[in-house]
Amino acid sequence: MIYLFLSIFFSTLILVVFRLFTRFEINTFQAIVFNYVVAFSVGFGLYGSLWNNEYITEGSWVPFALIIGVLFITLFLIMGKSAQENGIGITSVTVKMSLAIPVALAIYLYAESVYLAKVAGVIAALVGVFLITYQKKSEKKAKNGNYWFLIVLFLGSGALDTLLNYVEKKALGDLSPALFSAIGFGIAGVLGLIVLVAAILLGKQKLKFKNVLAGIVLGIPNYFSIYFLIMAIREPMDDSITYALNNVGIVMASFALGIVFFKESITRLKLIGGIIAVAAILLLMV
C-alpha cells in the first residue's frame, strides 16, 4: 500500500500549498498553469529515458491523454468559478463526493466483489467526507443556473478518476504511468498557457514571478499525486477500495493538518465526520 500512502501524502501537500496561496497573495490561475508545465517537466525529467516513439502507435492511450489534459485545466477553471458563484464549501463537497462515480464504476466495469463491509465502508467514507468538508458559513445562495457548475464538477471529477483507472488497465500498453501522467499534465499546461497568454495580451492578467514560483512549488507534489495514484491502482486491492481510501485519507490528513498548523476550529460536524471516516477506513481494510 506504499503507493496509496504516497498518493495521499502528495495530494494533502497540494492542499497545504493552496492554503498558503492566500497568505502570499498568489494568483491561483497563473500558479496552476505553471504547475502543469512543471509537472510535465518533472515527469519527463525523471522518466524521459523510458520514452520510445513506438508508444505513440501502441495501445490506445493518446486520445485519453488529450481528454484527461483537457479535464485537468477545465475542471480547475470551473472549480474557481463555482467557488465564486456557489461558495467554497458546497464546491469542495461536490468535488469530494464525486468519488462515488469511480467507486461504483470500478465495481460494475471490473466485476469486483461486493460484500457488507465494503458497502458499509464506502457509505461511511462518503458520509465522513461530506461532514468534514461541509462548510455552512462559506456557502451563499447561488443564482439561477449556477448549480450547473456543481453538476459539471461532480460528473467531471468522477469521470477523470474513472478514466485514469481505465487507461491504467486497458489503454497504456507498454507506456509507463510516469510518462502518461507527464503527458496529461503537459497537454493541460499548453492549454493553460494559451489562455494565460491571451489574458495577458488583453490586459486581463499581469504575470508576476511569485506566481511562477508558486507554480513550481505546486507542480512537484501534483505530478506525484497522480503518478502514485495510478501506481496504487496496480496494487492487489479492489479499485473501489483504493479510491475510497485515497479520498478519505486525503480529507482526514488535511483535516488534521488544518487543526494543527492552521488553527482551524473543530466543529461538531467535523468531529463526527472524522470518527465516521476512521470507521470507513477500518471497514475498507477488512
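The values are calculated or read from the model by the stated rules, or taken from the named source; none is laboratory data. None of these values were measured; they are calculated from a predicted model. FYI the Cβ positions are ideal-geometry reconstructions off the backbone, even for glycines, and counts take in every protein chain you see.
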Every residue in region 18-30 that is assigned to a helix (DSSP H, G or I) and buried (at least 20 other Cβ atoms within 10 Å of the Cβ), please. Q30
Residue check for Y166: touching a residue at least 12 places away in the same chain (Cβ under 8 Å), more than 20 Å from L75 (Cβ to Cβ) and among the aromatic types (F, W, Y): no
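Within region 4-14, restricting attention to residues that are surrounded by 18 or more Cβ atoms within 10 Å (Cβ to Cβ) and either within 13 Å of the chain's Cα centre (by Cα) or of a type in the set (F, W, Y) (or both), which residue is nearest to L191 (Cα to Cα)? Please lay out each step first, then the result.
First, pick out the residues of region 4-14 that are surrounded by 18 or more Cβ atoms within 10 Å (Cβ to Cβ): 4, 7-8, 10-14.
Narrowing further to those that are either within 13 Å of the chain's Cα centre (by Cα) or of a type in the set (F, W, Y) (or both): 7-8, 10-14.
Values: S7: 25, I8: 27, F10: 24, S11: 23, T12: 25, L13: 25, I14: 21 Å.
In this case the residue turns out to be I14.
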Search region 146-179 for residues being outside any helix (DSSP H, G or I) and surrounded by fewer than 22 Cβ atoms within 10 Å (Cβ to Cβ), and hand back the single one that is modelled with the highest pLDDT. S176
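Looking at G215, is it buried (at least 17 other Cβ atoms within 10 Å of the Cβ), among the small types (G, A, S) and either closer than 23 Å to L13 by Cβ or over 13 Å from the mean Cα position of the chain (by Cα) (or both)?
Yes; evaluated as a whole, the condition is true for this residue.
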What is the residue count in region 251-286 for residues that are β-branched (V, I, T), under 15 Å from L15 (Cα atoms) and touching a residue at least 24 places away in the same chain (Cβ under 8 Å)? 1
Expected output for region 15-28 (first residue at negative phi, partner at pLDDT 90 or above and basic (K, R), Cβ below 8 Å, 6+ apart or cross-chain) is F24/K210; I26/K210; N27/K208
Please tell me if L71 is within 26 Å of F262 (Cβ to Cβ) and either touching a residue at least 12 places away in the same chain (Cβ under 8 Å) or among the acidic types (D, E) (or both). no
Meets criteria (surrounded by fewer than 19 Cβ atoms within 10 Å (Cβ to Cβ) and part of a helix (DSSP H, G or I)) for Y55: no
Which one of the conditions (1) over 17 Å from V127 (Cα atoms); (2) in contact with a Leu (Cβ under 6 Å, 6 or more places away or on another chain); (3) of a type outside the set (F, W, Y) does L269 fail to meet, given that it meets all the rest? (1)
If we ask which residues in region 15-40 are more than 19 Å from the chain's Cα centre (by Cα) and not acidic (D, E), their number turns out to be 5
Out of L283, L257, L271, I need the residue that is surrounded by 14 or more Cβ atoms within 10 Å (Cβ to Cβ) and more than 23 Å from V103 (Cα to Cα). Which one? L257
The lone condition M231 fails out of (1) surrounded by 21 or more Cβ atoms within 10 Å (Cβ to Cβ); (2) under 16 Å from the mean Cα position of the chain (by Cα) is (1)
Return the pair list, or none, for Cβ contacts closer than 8 Å from residues in region 231-245 that are modelled with pLDDT of 90 or more to residues that are among the basic types (K, R), at least 6 apart or on different chains. I233/K169; D238/K118; S240/K118; I241/K118
When only residues in region 235-253 that are buried (at least 22 other Cβ atoms within 10 Å of the Cβ) and not aliphatic (A, V, I, L, M) count, which is nearest to R23 (Cα to Cα)? N247
